[in-house]
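*Asks:* Quick one: the structure is below, questions incoming.
Coordinate-derived values only; no laboratory data. Model, not experiment: these values are computed from the prediction. Methodologically, a virtual Cβ is constructed for each residue, glycine included, from the backbone with ideal geometry; neighbour enumeration extends over all protein chains shown.
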Amino acid sequence: MSNSEILMELRNVTHGYSLRSGSTLKVIENLNIQVRYGEFLGIVGPSGCGKSTILRIMAGLVKPLSGVVIFRGEVLNGTTPRISLMHQVPTLLPWLTVRENIYLALMSRKDLTERAKQLKVSELLELVELSGYESAYPYELSGGMRQRVALARALVTDPDLLLLDEPFSNLDPLTSLSLIRELEGMWFDTTLPPISIVMVSHNIEEVVMLADRVVVLGGRPAKILAEVPIELSRPRNKKSEEFYRLVDELFSLIS
Ligand code: ADP
Ligand code: MG
């Protein structure tokens, strides 16, 4: 693969956390992950294996103990509007409306006029089908709707890379399926950002639903156990034999 095909790369990334005892808990070790242009990359692994840690490193929120993150050919140093992270639990501000929560992501941008910002927010509200709820407060929304607001806020900056941390894990199965379908629809529309998506999850089915390629993590510190391409046509059918076969294959790799 040539470098021009890679949007982001983790090179020999090791990270861990200091424990109260003074020692360090190594969570991931010598991890090499490439995110290609136009790719939907899934990362699966058991809870606690370091998936959120990897996303925080990819977002530039956390500097790894060693190794580097290369984004668009340059070393990533801190956060950038070009990379958006959607957290596992939507972190909306309770005292702001839906519209204001999304607007917040654009507030400090000097390259956009006030009108352009408001238009952009309206566009995103429509995209996530929340136009009628722009004046609502987070507590008035269901879990699925809150997740949609968080998605709109992550996308409003037109990021090149969208990082999703277990985006459906706190939703009921029906809501999560409808959100998966929406995300897939957006992903198909190539006129929309982002260029690439990385989604981490402990739920193998939702990753097989969406990803072009899956990286399987395991062990402590976590290492890459396997990389599996998902070549099913879209929209994917959960009930098809090939779907089951891939879910099975990934399960046995993890367990
Ligand atoms: P996952 O997202 O796969 O569940 P995390 O990346 O959240 O895993 O966490 C990996 C490991 O690191 C876990 O054992 C967790 O307890 C530990 N950990 C995560 N964040 C911190 C932190 N800020 N301080 C100390 N330990 C942490
Ligand atoms: Mg996590």
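*Asks:* How large is ³J(HN,Hα) for each residue in the stretch 141-148, as worked out from phi by the Karplus curve 6.51 cos²θ - 1.76 cosθ + 1.60 (θ = phi - 60°), to whole Hz, x for Gly and Pro?
*Replies:* With coefficients 6.51, -1.76 and 1.60, one gets 9, 6, x, x, 5, 4, 5, 5 Hz.
*Asks:* Give the Rg (one decimal place) followed by the Dmax (whole number) of the stretch 68-223, computed from C-alpha coordinates and expressed in Å.
*Replies:* In Å, with Rg to one decimal and Dmax whole: 16.0, 50.
*Asks:* Compare the Cα positions of 203, 246, 228 along the charge dipole of the stretch 193-255 (+1 at Cβ of Lys, Arg; -1 at Cβ of Asp, Glu; about the Cα centre) and return the one farthest towards the positive end.
*Replies:* 203
*Asks:* What's the ranking of 193-204, 7-18 by average number of surrounding C-beta atoms within 10 Å, highest first? Please report the intermediate quantities before stating the final value.
*Replies:* Details: 193-204: 21.2, 7-18: 17.6.
Most protected by this proxy first, the peptides run 193-204, 7-18.
*Asks:* Calculate the spin-label point distance for residue 241 paired with residue 68, positioning each point 7 Å from the Cα along the beta-carbon direction, and give it in nanometres.
*Replies:* In this crude spin-label approximation the distance works out to 4.9 nm.
*Asks:* May I pose another question? When averaged across all projection directions, what area in nm² does the alpha-carbon convex hull of the stretch 137-198 cover?
*Replies:* Working: hull surface 17.4 nm².
Here the figure is 4.3 nm², rounded to one decimal.
*Asks:* Can you tell me the dipole magnitude for the chain around its Cα centre, using point charges on the Cβ only (Lys, Arg +1; Asp, Glu -1), in Debye to the nearest 20?
*Replies:* On the way: 27 positive and 30 negative charges, 173 e Å.
My answer is approximately 820 debye.
*Asks:* To test your reading of the geometry: what angle, between 0 and 90 degrees and rounded to tens, separates the Cα axis of helix 114-127 from the longest principal axis of the chain?
*Replies:* The helix 114-127 is inclined about 70 degrees to the chain.
*Asks:* Using only alpha carbon pairs under 8 Å that are at least six residues apart, calculate the relative contact order of the stretch 1-143 and give it in whole percent. Mind showing how you got there, number by number?
*Replies:* Details: 167 pairs, mean separation 29.4, N = 143.
About 21 percent, as a whole number.
*Asks:* Counting only Cα atoms, I'd like the Rg/Rh figure for the stretch 142-255, Kirkwood definition for Rh. Could the numbers behind the result be given before it?
*Replies:* Numbers: Rg = 14.5 Å, Rh = 15.1 Å.
Taking Rh as the inverse mean 1/r over Cα pairs, Rg/Rh reads 0.96.
*Asks:* I want to check a number: in the chain, how many lysine pairs have alpha carbons closer than 25 Å, given a sequence separation of 8 or more or different chains?
*Replies:* Working: 26/51; 26/63; 26/223; 51/63; 51/223; 51/238; 63/223; 110/120.
Close lysine pairs under the 25 Å cut-off: 8.
*Asks:* Given 44, 127, 105, which one lies farthest toward the positive end of the charge dipole of the chain, if we put +1 on the Cβ of every Lys and Arg and -1 on the Cβ of every Asp and Glu?
*Replies:* 105
*Asks:* Say a paramagnetic label sat at a point 7 Å from the Cα of residue 253, along Cα to Cβ; which residues of the stretch 1-45 have their backbone N under 12 Å from it?
*Replies:* What the label zone holds, given the 12 Å backbone N cut-off, is 42-45.
*Asks:* For the stretch 82-121, what mean projected area does the convex hull of the alpha carbons give, in nm²? Intermediate values should be presented prior to the final figure.
*Replies:* Details: hull surface 13.6 nm².
Convex hull of Cα atoms, orientation-averaged projection: 3.4 nm².
*Asks:* Rg to Rh for the stretch 194-243: what is it, with Cα atoms only and Rh by Kirkwood?
*Replies:* Values: Rg = 12.1 Å, Rh = 12.1 Å.
Taking Rg over the Kirkwood Rh, I get 1.00.
*Asks:* Among 78, 183, 90, whose Cα lies farthest out toward the positive end of the dipole of the stretch 61-189, if unit charges sit on the beta carbon of Lys, Arg (+1) and Asp, Glu (-1)?
*Replies:* 78
*Asks:* Next question. How large is the Kirkwood hydrodynamic radius of the stretch 1-148, in angstrom, based on all distinct alpha carbon pairs? Can you show the working numbers first?
*Replies:* Values: mean 1/r = 0.0559 Å⁻¹.
That comes to 17.9 Å for the stretch 1-148.
*Asks:* Next question. Kirkwood Rh, the stretch 58-111, all Cα pairs: how many Å?
*Replies:* Details: mean 1/r = 0.0743 Å⁻¹.
One over the average 1/r among Cα pairs gives 13.5 Å for the stretch 58-111.
*Asks:* When the helix-only estimate is applied to the chain (DSSP H runs of n ≥ 4, each -39,500 (n - 2.57), divided by the residue count), what is the mean residue ellipticity at 222 nm, nearest 500 deg cm²/dmol? Mind dumping the intermediate values first?
*Replies:* On the way: 7 runs with 78 residues, N = 255.
After summing the helix terms and dividing by the residues of the chain, the value is -9500 deg cm²/dmol.
*Asks:* Of all DSSP beta bridges in the chain, what percent run antiparallel (nearest 5)? Intermediate values should be presented prior to the final figure.
*Replies:* Details: 22 of 41 bridges.
Looking only at bridges with both residues in the chain, the antiparallel portion is about 55 percent.
*Asks:* Please list the non-local residues whose amide H lies under 5 Å from the amide H of residue 85, H modeled 1.01 Å from N, same-chain partners needing a gap of 5 or more.
*Replies:* Amide H neighbours of residue 85: 163.
*Asks:* Can you work out the Karplus-derived ³J(HN,Hα) for every residue in the stretch 237-252? Use 6.51 cos²θ - 1.76 cosθ + 1.60 with θ = phi - 60°, whole Hz, and x for glycine or proline.
*Replies:* 9, 4, 9, 6, 5, 5, 4, 4, 4, 5, 4, 4, 4, 5, 4, 5
*Asks:* If you average 1/r over every pair of different alpha-carbon atoms in the stretch 1-85 and take one over that average, what Kirkwood value in Å do you get? Could you put the intermediate results ahead of the total?
*Replies:* Working: mean 1/r = 0.0736 Å⁻¹.
Roughly 13.6 Å, rounded to one decimal.
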